[in-house]
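Participant: Structure provided below as structure tokens; questions to follow.
Each reported figure results from applying straightforward, stated rules to the coordinates on display, with no laboratory input. Keep in mind that what you see is a predicted model, and the values were worked out from it rather than measured. Cβ sites come from the backbone with ideal geometry, for glycine too, and all protein chains shown count toward neighbours.
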Amino acid sequence: MDSSRPCSSSTEDLSSLLIPLVKETISAGFPSPAEDYIELGIDLNKYLIKNPISTFFLRVSGNSMNNAGIYNNDLLIIDRSINPNPGHIVVALLDGEFTLKRLIKKQDSYYLKADKENYPAINLYEYIDIQIWGVAIYSIHELQQSKV
């Protein structure tokens with residue numbers, strides 16, 4: 001056993017991978033060297049996942065939520081412990097089919113609505129089996145490269 005290396009379990013290594021964090025914010029203006037400002041690192045789980053037991057990831061298929069900043073092939077972080085309220089983006093199971101939409105309340109009725117034009121609202125009262133699986137809290141997507 002190498003006594004110069006700290007002991008840790010493989011589970012601990014996987015769950016606490018620290019990514020370097022630059023202390024300063026970044027400006028889109030004057031560039032500055034960042035090497036002197038690097039901290040030890042951050043665990044993204046601490047920042048992105050508040051309730052690990054009730055959180056899962058889900059890959060998006062489709063473009064109906066583009067205006068909410070959610071795009072085809074994005075990776076969503078869904079928290080099942082959050083009570084869904086109007087305005088939240090939710091993962092819903094409607095009569096056995098999954099959908100990702102914004103929960104809307106108009107008068108005394110609840111709807112699911114895409115965040116893109118020309119998509120009709122879904123009246124939840126037209127379905128027999130309605131389950132809200134969780135609330136989307138983050139969308140992770142690759143930034144698009146500009147064609148200069």
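Participant: When segment 62-77 is examined, which residues are found to be loosely packed, with under 14 Cβ neighbours inside 10 Å and without any contact (Cβ under 8 Å) to a residue 40 or more places away in the chain?
Facilitator: 72
Participant: If a residue counts only when it is among the charged types (D, E, K, R) and over 22 Å from residue 45 (Cβ atoms), which strands (runs of 3 or more DSSP E) contained entirely in segment 56-148 have at least 2 such residues?
Facilitator: Per the criteria, 97-106.
Participant: One residue is enough: does segment 113-131 have a residue meeting the conditions closer than 22 Å to residue 49 by Cβ, surrounded by 10 or more Cβ atoms within 10 Å (Cβ to Cβ) and of a type in the set (Gly, Ala, Ser)?
Facilitator: No - not one qualifying residue is present in segment 113-131.
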